[in-house]
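Trainee: Attaching a single structure in C-alpha cells format; questions to follow.
The values are calculated or read from the model by the stated rules, or taken from the named source; none is laboratory data. What you see is a predicted model, and the numbers here were worked out from it, not measured in a lab. Neighbour counts are summed over all protein chains in view; Cβ atoms, including those assigned to glycine, are modelled from backbone coordinates with ideal geometry. These area figures cover heavy atoms from the full protein model, side chains too; ligands, DNA and RNA do not enter into them. Shrake-Rupley method; radii C 1.70, N 1.55, O 1.52, S 1.80 Å.
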Amino acid sequence: MSEQAGISTAKEAADHELVLAFGRLQGAANRLEYILGRALEVECGISHLMFEVLLILGRAGEPGLSMRAVAQEQVLTTGGATRLVDRMEAAGLVTRAESPADRRGKLVRLTPLGEETTVRAAQVHVENIKKYFLSPLPEADRARFAEDLRILSHTARDVLPRLP
C-alpha cells in the first residue's frame with residue numbers, strides 16, 4: 001500500500017488536513033450556493049446559473065456573446081448552454097441576434113428586461129453576500145480571502161481545457 005502523503009488507512013484519508021480543508025471549502029460553497037441561489041429564485045424569479053449568465057452578458061456588452069463563449073464561461077456543454085439560453089429567451093431575459101463576424105452564428109445579448117433583472121438580482125445578491133459570506137469572517141481577513149479565491153478560481157480556470 002502506498003504511503004504517499006502519509007495516508008495508509010481510510011481514517012487517515014478522512015482526517016488528512018488537506019482533505020478536510022478542501023471538503024470545508026466545497027461544503028461552504030455548496031451551502032452558500034443553495035442559500036444565495038434560493039434567495040435569487042424567491043426574490044427575483046431566476047436561478048443562480050441564470051444570474052451568472054446575465055452577469056457574463058452584462059460584462060460582455062454589445063454585440064453579445066456566442067453560445068460557445070457562454071458555455072465556456074459557465075463550464076457547460078454547448079447543448080446545456082443552449083437549453084439554458086432557450087429558457088432565458090422564453091422568459092424575455094435575453095435575445096439572439098445575427099453575428100456580424102459569422103453569418104451562421106448567433107450572439108446572445110441582454111434584453112431591457114434582462115438588464116433590469118440583472119440589476120435587481122445583483123442588489124439582492126450583494127446584500128446576501130455581505131450577510132452570509134463576509135460577515136462571518138474577521139473584517140481584517142476579508143480582502144485577502146477574496147484575493148485568494150480569485151487566485152484559486154483563475155488557476156483552476158486556466159487548467160481546464162478550452163471547448164473546441
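Trainee: Out of all the residues in segment 59-66, is one or more within 16 Å of the chain's Cα centre (by Cα) and more than 22 Å from Tyr34 (Cα to Cα)?
Mentor: Taking segment 59-66 as the starting set, the residues that turn out to be within 16 Å of the chain's Cα centre (by Cα) are 59-60.
Pick out the ones that are also more than 22 Å from Tyr34 (Cα to Cα) and you get 59-60.
Checked segment 59-66: at least one residue is within 16 Å of the chain's Cα centre (by Cα) and more than 22 Å from Tyr34 (Cα to Cα).
Trainee: Please pick out the residue among Glu41, Glu52, Glu62 that is of a type in the set (Asp, Glu) and open to solvent by less than 70 Å² (accessible area, probe 1.4 Å). Break it down into steps so the answer makes sense when it comes.
Mentor: Details: Glu41 fails: open to solvent by less than 70 Å² (accessible area, probe 1.4 Å); Glu62 fails: open to solvent by less than 70 Å² (accessible area, probe 1.4 Å).
None of the others qualify; the one that does is Glu52.
Trainee: Also, quick follow-up: When you look at Arg142, is it over 17 Å from the mean Cα position of the chain (by Cα), open to solvent by 70 Å² or more (accessible area, probe 1.4 Å) and more than 26 Å from Cys44 (Cα to Cα), yes or no?
Mentor: Working: over 17 Å from the mean Cα position of the chain (by Cα): yes; open to solvent by 70 Å² or more (accessible area, probe 1.4 Å): no; more than 26 Å from Cys44 (Cα to Cα): yes.
For Arg142, the condition - over 17 Å from the mean Cα position of the chain (by Cα), open to solvent by 70 Å² or more (accessible area, probe 1.4 Å) and more than 26 Å from Cys44 (Cα to Cα) - is not met.
Trainee: Any residue at all in segment 92-109 that's of a type outside the set (A, V, I, L, M), more than 15 Å from the chain's Cα centre (by Cα), under 24 Å from Gln123 (Cβ atoms) and surrounded by fewer than 15 Cβ atoms within 10 Å (Cβ to Cβ)? Show your work before the answer.
Mentor: Applying the first criterion (of a type outside the set (A, V, I, L, M)) to segment 92-109 yields 92, 95-96, 98-100, 102-106, 109.
Filter again for more than 15 Å from the chain's Cα centre (by Cα), leaving 92, 95-96, 98-100, 102-106, 109.
From what is left, the residues that are under 24 Å from Gln123 (Cβ atoms) are 92, 95, 109.
Imposing the further condition that a residue be surrounded by fewer than 15 Cβ atoms within 10 Å (Cβ to Cβ) reduces the set to 92.
Within segment 92-109 (the criterion being of a type outside the set (A, V, I, L, M), more than 15 Å from the chain's Cα centre (by Cα), under 24 Å from Gln123 (Cβ atoms) and surrounded by fewer than 15 Cβ atoms within 10 Å (Cβ to Cβ)), the answer is yes, since at least one residue qualifies.
Trainee: List, please: which pairs have Cβ atoms under 8 Å, are six or more places apart or on different chains, and start with a residue in segment 149-162 that is open to solvent by 70 Å² or more (accessible area, probe 1.4 Å) and end with one that is in a loop (DSSP other than H, G, I, E, B)?
Mentor: Leu160/Val75
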